[in-house]
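These notes are about the structure you will find just below.
None of the figures in this text is laboratory data; all of them are computed from the coordinates on show. Computed from a predicted model, the values in this text were never measured in an experiment. No Cβ is skipped: glycine too gets one built from the backbone with ideal geometry, and neighbour counts run over all protein chains shown.
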């Protein structure tokens, strides 16, 4: 402000108008529109994955090599491979789908507090009750881990929750029915699987109650689908189980077909001819294949070179400990838990299934 005299008029200088946030934002957005490169011209767009182009290349390759592909598919080894693969998949898929739907319904619509009220207060008595509860609750091992985690979160004793975790995927009605269908000429296999799996589940629950420590078991985190509504939880659980169990079923069917069609018969007979080696071989195979429990009976039934006791070991070990289960248990309860629980479960499952097969089979 400036004056020209004591009483003269005052001349004021008007300050320059300041930019408002809205004006600045408008100008910056316009500038960005001017300097923004045209889509499709940058290096990122050039490297972008193009599914249509990949499919076209695959189809062109198949057309160009159709004679070679036709000849390979007509080979006796490939015919045998495809026969076993398709047979395992067609037999197992209905049980897999039914098991996934039922396990998702149980996990979502049956409140975990129901199990806490139904189990005895004393841990030693709660273990066999929880183990037997697996016989009436359909579900695969992919669903049993989060359900067991929810039980622990809601106050169920860990020994009982772990017994349920091991028994539910092995002795539920879907799995036992699939076993009966896969072994129509050996109905005793159903009883042997039920007895051996329940014994292992209860023994591991009691063992954890006896020697387990609180700092070995990390409190499970909430499921990513909890709190999103029953519909979202149900379909989220279905998608999760189908992606995991379906993928592992395909891998298991491929492995069974490869063993049947590619591996020399002399090798399989050598492994199957040694009782101890056959049991250990199928126990290790169950861990590596990581097949869903609703479908593993059909894979085991295709391994006709091996004894019923060895195949029983495959059916008992697989739903209790395999590669995907170890990862899920470590993610839910902590690595310290999985590193102790998995080896003990594997050893006990091998011993109990071998003894049960000797007596019942």
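The packing ranking of peptides 340-351, 55-66, 271-282, highest mean first, is 340-351, 271-282, 55-66, where packing means the average number of other beta carbon atoms within 10 angstrom of each residue.
Entry note, segment 81-360: relative contact order of 25 percent, from Cα contacts under 8 Å with a spacing of 6+ residues. When Rg and Dmax are taken over the Cα atoms of segment 81-360, they come to 17.9, 56 Å. Our estimate of slack between residue 361 and residue 97, defined as 0.36 nm per intervening residue step minus the Cα-Cα distance, is 92.0 nm.
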